[in-house]
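K.L.:
Quick one: this structure, given as structure tokens, is what I'll be asking you about.
None of the figures in this text is laboratory data; all of them are computed from the coordinates on show. What you are looking at is a predicted structure, and each value in this text was computed from that prediction instead of being measured. All Cβ positions, even for glycine, are placed from backbone atoms using ideal geometry, and neighbour counts span all protein chains on display.
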Amino acid sequence: MTGLPATPESELWIVDSVGEAITVLVLLEDEAEPIVVEVSPELLPDDLEVGGVIRVPLGLVGEPLWEQAKKDRDEEPELPSPP
């Protein structure tokens, strides 16, 4: 990960699980308690994978605009190389 923070206009979310009817996302923040949400996959970018990161713009009152989310490959954690 590059370590670039989310901006006041966006948040970074990591994909925890992907299902037919629901996708579970975890907010990438330095919080003691993670923020977990369930979102319809229809609102999110196609081809999301577990461990992927999306950048979600925020609306006028800070609400996530899921339908405008974009994959952010630069923020995805690097997996260790196999031995």
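K.L.:
Search the stretch 51-65 for residues being touching a residue at least 12 places away in the same chain (Cβ under 8 Å) and more than 10 Å from the chain's Cα centre (by Cα), and hand back the single one that is surrounded by the most Cβ atoms within 10 Å (Cβ to Cβ).
P.N.:
The residue in question is Pro64.
K.L.:
Let me ask another. Please find, within the stretch 30-43, the residue that is surrounded by the most Cβ atoms within 10 Å (Cβ to Cβ) out of those that are within 14 Å of Gly19 (Cα to Cα) and out of contact with any strand residue (DSSP E or B) (no Cβ under 6 Å at 6 or more places or on another chain).
P.N.:
In this case the residue turns out to be Leu43.
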